[in-house]
Amino acid sequence: MEKVWYKFYDPGVPRSISYPLIPLYKFLDDSAEKYPNNIALIFGGKLGKRYMGSSITYRKLKELVDRFATALQALGVKKGSRVAVHLPNCPQFIIAYYGALKAGATVVPTNPLYVERELEYQFNNAGVETVVTLTRFYPVIRNVKPRTPLKNIIVTNIKEYFPPLLKLLFTLAVEKKEGHRLEGELVEGTYMFQDLLAKYPPNPAPVEINPQEDIACLLYTGGTTGVPKGAMLTHYNLVANALQVRAWLPDVQEGKEKSLVALPLFHSYGMTVCMNFGLNAAGTLILMPNPRDIEEMLILIDKYKVSLFPGVPTMYIAINNHPDTPKYNLRSVKACISGAAPLPVEVKQKFEEITGGKLCEGYGLTETSPVTHCNPIYGLNKAGSIGIPFPDTDARIVDLETGTRELPPGEIGELAIRGPQVMKGYWQMPEETEMVFKEGWLLTGDIAKMDEDGYFYIVDRKKDMIIAGGYNIYPREVEEVLYQHPKVKEAVVAGIPDPYRGETVKAYIVLKEGETATEEEIIEFCRKYLARYKVPTAVEFRKELPKSTVGKLLRRVLVEEEKQKLQARKQ
């Protein structure tokens, strides 16, 4: 049946794509064969207002990946073994990710901001036996090892791919002070990343991959219930989504694009839209480990003539409002897909004015590799809309009760999706998997509507997930930490509007009888047990919290109160 949204596709965007049955790492192999001398990666750092970067060609990147794959196999990594990549954006992330795939392993991308409790859960749940981490995080991994299945810890220093002068200055001025130098005893099973690359040749033993069945990546998400679950993304899922992204950008020039990689690669969005798509298109990836350094972002766009810049609204807001933005030439930017949070119209318009490029809002979720929708790059963009479905992607709105009855345009229900990018299921959680799949459709947990033209709009979230600065935060996890505080009787966490992060975390607390506490005390307590971005930025003490007739704490009532307060302030 002819889909209503097809007529809004940009010229040159196909309705359907032929997806090759290949392992994901074939993207890199093919680009290295076609463009061996092209620059694959640029990485470095800022010195004052100057950026110093070093580059790695496609030929060299493939060699490093192959060496790492051989090393992993020598350490006992077999087909299906889980390898965690616990790194910020740096060349080592890509070498480890693609090297693990080539060794036949399943990659478990892990947020480097995680504290011990979070790592322990993930490593145990996934059965991670090998982790690649930074020297700076080694003490945390060393502490976690005895309580997890970890056998191999591969350690790398952030400076290893810096240009020589920057590396020297880092060694002298920063390394020891900021904890990048390995101190103390190395536990058994610890290996140095560069030693392994030097020791092993670039010829890993071939591993037979079934792209449609074999899991390339276990990406953790709260799914619909807030308990972290591993979304099983096959090689086929990830190959398909990268090719869908490529098809959506009709004027991408193979071997010529330069992408700013400020989105974290451990996140599904950065992994697909920056890394996998970028390597498939044989582009140059300019890696930024710290996306909060807006000055560096401006310098990189200007210096390297960045053409593609996927991001989240907070990045574009920061560029629009930075006092130094007029000093830099950002006119090389052609196209940007914005995701993870709603893109305000004024932010889009101002950014397009500054760069001359196109900024379009899209949508996705970890379970779909992640992208399913986007506004056309050059065609009709509708304010507040996540756009239209990607090639080969079907979407519909279904009733909230059964999840199977399709609703007509304009009616609000749950967004359901099917397509080649939809995950295989949740890792070792058949009941959870069954809950989100209905008659072959994935229920997203997002409340949405579709208009007459086939443009979709997210209205609310069925799940109570908070999205702050592009990071997913699950209230239940924060609440569990708050309940560990000896003075806390009841706690609810909600996402409240924030002009910069989109949403921020607020905790509402009822203290035990006779207890007193300060906002700072609660926040400090959370810092010990949660990654920084999950820590509440505001705490409100109350005598009681809103509850349903059965005693369930009503988070939505609190969110509504915050919206009303915001509305009153605006009037």
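Return the loop-located chymotrypsin sites (Phe, Trp or Tyr not before Pro) in region 151-192 (DSSP other than H, G, I, E, B) with at most 16 other Cβ atoms within 10 Å of their own Cβ; answer none if there are none. Display every interim value, and only then the final one.
Details: sites: 161, 170, 191; in loops: none.
Here no loop site has a sparse enough neighbourhood.
Within the set 382/534; 102/229; 60/102; 7/382, which residue pairs have Cα atoms separated by over 21 Å? Working shown, then result.
Values: 382/534 32 Å; 102/229 24 Å; 60/102 16 Å; 7/382 15 Å.
Pairs exceeding the cut-off: 382/534; 102/229.
At residue 121 and residue 17, where each label point lies 7 Å from the Cα along Cα→Cβ, what is the point-to-point distance in nanometres?
Going by the 7 Å Cα→Cβ label model, 3.3 nm.
Relative contact order (percent) for the chain, with alpha-carbon contacts under 8 angstrom and 6 or more residues of separation?
Numbers: 1234 pairs, mean separation 71.5, N = 571.
With pairs under 8 Å counted, the relative contact order is 13 percent.
Size of region 211-321 along its principal axes in angstrom, Cα-based, largest extent first?
Answer, in whole Å and largest first: 42, 33, 20 Å.
May I ask which of 78/199; 176/258; 49/350 have a Cα-Cα span longer than 29 Å here? All intermediate terms of the calculation are to be shown ahead of the outcome.
Values: 78/199 19 Å; 176/258 34 Å; 49/350 25 Å.
Long pairs (Cα-Cα over 29 Å): 176/258.
When N counts the residues of the chain, how does its alpha-carbon radius of gyration compare numerically with 2.2 N^0.38 Å, as a ratio? Please list the in-between numbers first.
Numbers: Rg = 23.3 Å, N = 571, 2.2 N^0.38 = 24.5 Å.
For the chain, the normalised Cα radius of gyration is 0.95.
In region 134-171, which residues have a backbone nitrogen under 12 Å from the label point lying 7 Å from residue 50's Cα in the Cα-to-Cβ direction?
Only 165-166 pass the distance filter.
Return the carbon/sulfur percentage of the accessible area of region 277-367, one whole number, probe 1.4 Å, all protein chains in place. Please list the in-between numbers first.
Numbers: 1560 of 2950 Å².
Carbon and sulfur: 53 percent of the exposed surface of region 277-367.
Could you list the residues of region 483-498 with an amide nitrogen less than 15 Å from a label point located 7 Å from the Cα of residue 553 in the Cα-to-C-beta direction?
Only 483-496 fall inside the zone, counting backbone N under 15 Å.
Dipole of the chain, Cα-centred, from +1 at each Lys and Arg C-beta and -1 at each Asp and Glu C-beta, to the nearest 20 debye?
The dipole of the chain has a size of about 1340 debye.
Skip the ligands, DNA and RNA, and give the accessible area per residue of the chain with a 1.4 Å probe, whole Å².
Details: 22930 Å² over 571 residues.
Dividing the accessible area of the chain by its residue count gives 40 Å².
Give me a comma-separated list of calculated 3J(HN,Hα) values for region 437-454, in order, Karplus coefficients 6.51, -1.76, 1.60 applied at θ = phi - 60°, integers in Hz, x for any Gly or Pro.
9, 10, 6, x, 9, 8, 7, 7, x, 9, 7, 8, 9, 10, 8, 4, 8, x
Could you tell me the center-to-center distance, by alpha carbons, between region 212-273 and region 104-130 in angstrom?
18
Under 10 °C and 1.306 mPa s, how fast does region 117-200 diffuse according to Stokes-Einstein, given a Kirkwood radius computed over C-alpha pairs? Answer in µm²/s, whole number. Mind showing how you got there, number by number?
On the way: Rh = 13.8 Å.
So the translational diffusion coefficient is about 115 µm²/s.
Restricting the calculation to Cα positions, tell me the Rg (one decimal) and the Dmax (whole number) of region 317-371 in Å.
Just the Cα atoms of region 317-371 yield Rg and Dmax of 12.7, 40 Å.
Looking at region 204-292, which trypsin sites (Lys or Arg not before Pro) are in a loop (DSSP not H, G, I, E or B) and have at most 14 other Cβ atoms within 10 Å? Provide the component values of the computation, followed by the final result.
Working: sites: 229, 246, 256, 258, 292; in loops: 256, 292.
In loop regions of region 204-292 (DSSP not H, G, I, E or B), the sparsely surrounded trypsin sites (Lys or Arg not before Pro) are 256, 292.
Two decimals is fine: what's Rg over Rh for region 457-497, C-alpha atoms, Kirkwood radius as Rh?
Values: Rg = 12.2 Å, Rh = 11.5 Å.
Rg/Rh for region 457-497 comes to 1.06.
At q = 0.15, 0.17, 0.28 Å⁻¹, what base-10 log of I(q)/I(0) does the Debye formula yield for region 468-540 when every alpha carbon is treated as an equal point scatterer in vacuo?
After summing over all Cα pairs, the log10 values are -0.44, -0.56, -1.41.
My understanding is that a pair violates if its Cα-Cα distance is over 30 Å; which of 34/145; 46/358; 449/565 do that in this structure?
Working: 34/145 42 Å; 46/358 28 Å; 449/565 26 Å.
Violating the 30 Å Cα-Cα cut-off are 34/145.
Kindly state, to the nearest 0.05, the FRET efficiency for residue 171 paired with residue 564, given R0 = 56 Å and r defined as their beta-carbon distance.
Values: r = 54 Å, r/R0 = 0.97.
Once rounded, the FRET efficiency stands at 0.55.
Using only the Cα atoms of region 296-443, what do you get for the radius of gyration and for Dmax, in Å?
18.3, 55
If amide hydrogens are placed 1.01 Å from N in the peptide plane, which non-local residues have theirs closer than 5 Å to the one on residue 459?
Result for residue 459 returns 447, 448, 449.
Take the Cα gyration tensor of region 48-101, multiply each eigenvalue by 5, square-root it, and list the three semi-axes largest first, rounded to whole angstrom. Could the numbers behind the result be given before it?
Details: eigenvalues 137, 37, 10 Å².
Equivalent ellipsoid semi-axes, largest first: 26, 14, 7 Å.
Please list the radius of gyration and Dmax for region 166-222, considering alpha-carbon atoms only, with Å as the unit.
18.6, 49
If each DSSP helix of 4+ residues adds -39,500 (n - 2.57) and the sum is divided by the residues in the chain, what number results at 222 nm, nearest 500 deg cm²/dmol?
Details: 16 runs with 164 residues, N = 571.
After summing the helix terms and dividing by the residues of the chain, the value is -8500 deg cm²/dmol.
Round to a whole number: what % of the accessible area of region 420-571 belongs to carbon and sulfur, probe 1.4 Å?
Details: 4020 of 7850 Å².
Carbon with sulfur: 51 percent of the solvent-accessible area.
The values are calculated or read from the model by the stated rules, or taken from the named source; none is laboratory data. Computed from a predicted structure; not experimentally measured. Cβ atoms come from the backbone with ideal geometry, glycine included; neighbour counts cover every protein chain shown. We work out accessible area using only protein heavy atoms, side chains counted, and drop any ligands, DNA or RNA first. Shrake-Rupley method; radii C 1.70, N 1.55, O 1.52, S 1.80 Å.
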